[in-house]
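K.L.:
A single structure is presented below for examination.
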Amino acid sequence: MVIGRDPYAASEAAATRRRAISALVDQTVQQALKATTPEQAWRSLFRPGDTVGIKLNCLAPQLAPSRELVEAIVKGLRSVGVPPRQIIVFDKENRDLLQAGYEISRDPESYQCYGTLGDSACPGYEERLTMLNDTGVRLSKIVTRQCSAIINVPVVKDHDYAGITGALKNHFGCIHNPEDFHFQRCDPAVADVNTSPAIRRKERIIIVDAIRVLYDSGPSFSPNAIFEYNAVLAGTDPVAVDAELAALIDIIRELQGMKPLADSERAPIHIATASRAGLGVANLDAIDLVQFDVAR
């Protein structure tokens, strides 16, 4: 797993910001896949015949994944022959995407962008309930029927129930009833949802927009709890990604003179549950983490 940081990722100059974020995406993906070039990294994950879903988290529109990051991912997919009509940027509802600054599009010459719900052309959810251990859900047809591969694109947020919102909890946006599981710290429902074969087998990589981190008062946007981190994180293990994101939030909280999440009665226990379910590594000492800062 790789974390790359560049202060220019938050530049007020659009062109500078776009170049910085694009370079961070390429470099973190390349290093996460141990490839010699970004194209080799993208080619190791995707083929021209894939239909790739890019799952965003837009519920707090002021802290949604940036357009620049999404465009950098699309550029990487295009570089290995995935046509734009087979790239679907999605979230739970059209309105969430629109509020975050995305345009609903089904233009075959551009990447697709729409929600599971929102208009008559949206695919909706599977009619049948899927039981994932004790968690019953109906999965988005974008996940089950349209995509052959998924790129998970979360943000980094404190969460008043789950402790954090990261890679694992981002897939609550792929089910019809996430509100049913916001109790008991969203555990074990977060882990259960991620055991779904439609998610587990199709998710190829996690690319985290960590340009800004919400370290308290989440998951709604709170401008007084934003830390400018200016980073992109890439990895293939969602449990390890979330373990590192939880550690990052705790580091920032300590800098702000605050208690760690575990002492604030909202430890992200779903991460350990996901590890016990075989979804990845939660032990920080066992995670191969590479960090770099772009020199200026």
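The values are calculated or read from the model by the stated rules, or taken from the named source; none is laboratory data. Since we're looking at a predicted model, the values are computed, not measured. All Cβ positions, even for glycine, are placed from backbone atoms using ideal geometry, and neighbour counts span all protein chains on display.
K.L.:
Is one or more of the residues making up segment 247-258 over 29 Å from ALA20 (Cα atoms), surrounded by fewer than 18 Cβ atoms within 10 Å (Cβ to Cβ) and either touching a helix residue (DSSP H, G or I) at 6+ places or on another chain (Cβ under 9 Å) or among the β-branched types (Val, Ile, Thr) (or both)? Outline the logic, then answer.
P.N.:
At the first step, the residues of segment 247-258 found to be over 29 Å from ALA20 (Cα atoms) are 257-258.
Filter once more, keeping what is surrounded by fewer than 18 Cβ atoms within 10 Å (Cβ to Cβ): 257-258.
So of that shortlist, the ones also either touching a helix residue (DSSP H, G or I) at 6+ places or on another chain (Cβ under 9 Å) or among the β-branched types (Val, Ile, Thr) (or both) come out as 258.
Scanning segment 247-258, I find at least one residue that is over 29 Å from ALA20 (Cα atoms), surrounded by fewer than 18 Cβ atoms within 10 Å (Cβ to Cβ) and either touching a helix residue (DSSP H, G or I) at 6+ places or on another chain (Cβ under 9 Å) or among the β-branched types (Val, Ile, Thr) (or both), so the answer is yes.
K.L.:
Can I ask one more? Within segment 170-187, is even one residue in contact with a Ser or Thr (Cβ under 6 Å, 6 or more places away or on another chain), in a loop (DSSP other than H, G, I, E, B) and not polar (S, T, N, Q)? So that I can check it myself, show each step before the final result.
P.N.:
Taking segment 170-187 as the starting set, the residues that turn out to be in contact with a Ser or Thr (Cβ under 6 Å, 6 or more places away or on another chain) are 174, 187.
Going one step further and asking which of them are in a loop (DSSP other than H, G, I, E, B), we end up with 187.
Subset that is not polar (S, T, N, Q): 187.
Looking for residues that are in contact with a Ser or Thr (Cβ under 6 Å, 6 or more places away or on another chain), in a loop (DSSP other than H, G, I, E, B) and not polar (S, T, N, Q), one finds at least one in segment 170-187, hence yes.
K.L.:
Would it be correct to say that GLY101 is touching a Pro at 6+ places or on another chain (Cβ under 6 Å), surrounded by fewer than 22 Cβ atoms within 10 Å (Cβ to Cβ), assigned to a loop (DSSP other than H, G, I, E, B) and at pLDDT 95 or above? Before the answer, list the steps.
P.N.:
Numbers: touching a Pro at 6+ places or on another chain (Cβ under 6 Å): no; surrounded by fewer than 22 Cβ atoms within 10 Å (Cβ to Cβ): yes; assigned to a loop (DSSP other than H, G, I, E, B): yes; at pLDDT 95 or above: yes.
No; evaluated as a whole, the condition is false for this residue.
K.L.:
For segment 208-229, state whether one or more residues are out of contact with any helix residue (DSSP H, G or I) (no Cβ under 8 Å at 6 or more places or on another chain), more than 28 Å from ASP96 (Cβ to Cβ) and at pLDDT 95 or above.
P.N.:
Within segment 208-229, none of the residues are out of contact with any helix residue (DSSP H, G or I) (no Cβ under 8 Å at 6 or more places or on another chain), more than 28 Å from ASP96 (Cβ to Cβ) and at pLDDT 95 or above.
To keep it simple, each residue is scored yes or no on (1) assigned to a loop (DSSP other than H, G, I, E, B); (2) without any contact (Cβ under 8 Å) to a residue 40 or more places away in the chain; (3) within 25 Å of ASP107 (Cβ to Cβ).
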position: THR36; (1), (2), (3): yes, yes, no
position: SER44; (1), (2), (3): no, yes, no
position: ILE54; (1), (2), (3): no, no, yes
position: ALA72; (1), (2), (3): no, no, yes
position: GLY81; (1), (2), (3): yes, yes, yes
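K.L.:
Whether any residue in segment 112-133 is touching a residue at least 60 places away in the same chain (Cβ under 8 Å), not in a strand (DSSP E or B) and not aromatic (Phe, Trp, Tyr) is what I want to check.
P.N.:
Within segment 112-133, one or more residues are touching a residue at least 60 places away in the same chain (Cβ under 8 Å), not in a strand (DSSP E or B) and not aromatic (Phe, Trp, Tyr).
K.L.:
Moving on to the next point. In segment 224-269, what count of residues is obtained for those that are in contact (Cβ under 8 Å) with a residue 12 or more places away in the chain, outside any loop (DSSP other than H, G, I, E, B) and among the polar types (S, T, N, Q)?
P.N.:
1
K.L.:
Follow-up question, since we're still on this one. Of the residues that make up segment 100-107, is at least one closer than 14 Å to VAL193 by Cβ and in contact (Cβ under 8 Å) with a residue 40 or more places away in the chain? Even if it seems obvious, please write down each step before you answer.
P.N.:
Initial filter on segment 100-107 (closer than 14 Å to VAL193 by Cβ): none.
Taking every residue of segment 100-107 in turn, none turns out to be closer than 14 Å to VAL193 by Cβ and in contact (Cβ under 8 Å) with a residue 40 or more places away in the chain.
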